[in-house]
Amino acid sequence: MDSADIELAGFLFLPTSQDKTPIQIFIVLGATGIFAGLLTYFLTPEQFVAASVGERVYAACASRETTIAEELGLQGESVYIPREEGEATQLFVPLDADYSLPDEHRGPLVLESETRGLLVETTGGALFKDFEQTVSGELSTRPNNLAVQLCDGLVDGFELATRAEPDIDTENHRITVAITESAYGAVDRFDHPISSFLAVGFAIGLDQPVRLTINRGGERSDWLVTCEYNIDTKN
């Protein structure tokens, strides 16, 4: 085990500057799956729960997970990896700038050389499973059609945004979705329901890892969510 492995592993057993114990860390990371389940429950047609309730639950989880990622010194990159023949995804946040994607791992910490980082279940995974049941016909495997399906799901299905307009750049293997009026606040937070749902959807639909980037929008939208496929990684 090299010095970087020791530093990352040591984080599990020593309090951080935020006085987080190992048990607290794992509870916070596990909250992603709990929130995903709650969010799916809130968004079913049979339920009516104010978006502000889900926003507060998500904000608490995102804040703690962001703090943990910063404490671990992780890169700002987020890669969504399809698992189990497209039936699930995991979010990988690497420790090193030069990394390989990890094999399926129970996580949340991956210590193997070149795959070190954080590996967690996604917020968008539960939403996507619910979305699949409402899709008319088959889920498309073509970027253009898949983007339309996912954007319709965001706006008409879950009402997570007022508008979601896709721009497909097949030459550069990039899909950017312009988001207007997010129901869950700022979209650039850790594994946000909107960006996570889109990244999960593209990862499963295209059957390959997707790298996520989020930027502020311009005059026509609030946020730009970019999902890149055919990404260059060692694994």
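How many residues does the stretch 75-127 contain that are part of a strand (DSSP E or B) and on the phi > 0 side of the Ramachandran plot? Write out each step before concluding.
At the first step, the residues of the stretch 75-127 found to be part of a strand (DSSP E or B) are 78-83, 88-94, 109-110, 117-121.
Next, only the ones that are on the phi > 0 side of the Ramachandran plot stay: 117.
Of the residues in the stretch 75-127, 1 are part of a strand (DSSP E or B) and on the phi > 0 side of the Ramachandran plot.
Condition check: in contact with a helix residue (DSSP H, G or I) (Cβ under 9 Å, 6 or more places away or on another chain) and among the small types (Gly, Ala, Ser). Does ALA69 satisfy that? So ALA69 does not fit the description; no.
Return the pairs, sorted by first residue and then second, in which the second residue is among the hydroxyl-bearing types (Ser, Thr, Tyr) and surrounded by fewer than 16 Cβ atoms within 10 Å (Cβ to Cβ), the first residue lies in the stretch 209-224 and is under 12 Å from LEU198 (Cα atoms) and assigned by TED's automatic domain parsing to the domain that holds LEU91, the beta carbons are less than 6 Å apart, and the residues are 6+ apart or on different chains. Short answer, once both residue conditions are applied: none.
Do we have ASP222 as of a type in the set (Asp, Glu), under 24 Å from SER63 (Cβ atoms) and surrounded by fewer than 20 Cβ atoms within 10 Å (Cβ to Cβ) here? Walk me through how you get there before you give the answer.
On the way: of a type in the set (Asp, Glu): yes; under 24 Å from SER63 (Cβ atoms): yes; surrounded by fewer than 20 Cβ atoms within 10 Å (Cβ to Cβ): yes.
Taking the combined requirement at face value, the residue satisfies it.
Would you say ARG220 is under 13 Å from the mean Cα position of the chain (by Cα), of a type in the set (D, E, K, R) and either in a loop (DSSP other than H, G, I, E, B) or within 18 Å of THR89 (Cα to Cα) (or both)? Against the criterion (under 13 Å from the mean Cα position of the chain (by Cα), of a type in the set (D, E, K, R) and either in a loop (DSSP other than H, G, I, E, B) or within 18 Å of THR89 (Cα to Cα) (or both)), ARG220 does not qualify. The single condition among (1) surrounded by fewer than 18 Cβ atoms within 10 Å (Cβ to Cβ); (2) of a type in the set (Ser, Thr, Tyr); (3) part of a helix (DSSP H, G or I) that SER140 does not meet is (3). Only one of these conditions is not met by GLU159: (1) touching a helix residue (DSSP H, G or I) at 6+ places or on another chain (Cβ under 9 Å); (2) of a type outside the set (Ser, Thr, Tyr); (3) not in a loop (DSSP other than H, G, I, E, B). Which number is it? Condition (3) is where GLU159 drops out. Would you mind stating whether ARG116 is within 28 Å of THR67 (Cα to Cα), surrounded by 15 or more Cβ atoms within 10 Å (Cβ to Cβ) and charged (D, E, K, R)? So ARG116 fits the description; yes.
Contact annotation: residue pairs with Cβ atoms under 9 Å, 6 or more positions apart or on different chains, pairing a residue in the stretch 87-99 that is more than 12 Å from ALA69 (Cα to Cα) with a partner that is in a strand (DSSP E or B) and acidic (Asp, Glu), are ALA88/GLU121; THR89/GLU121; GLN90/GLU121; LEU91/GLU121. Of all residues in the stretch 166-198, those that are touching a helix residue (DSSP H, G or I) at 6+ places or on another chain (Cβ under 6 Å), assigned to a strand (DSSP E or B) and on the phi > 0 side of the Ramachandran plot total 0.
The values are calculated or read from the model by the stated rules, or taken from the named source; none is laboratory data. None of the values given here were measured: they were computed from a predicted structure. Note that each Cβ is placed from the backbone with ideal geometry, even for glycine, and that neighbours are counted across all protein chains shown.
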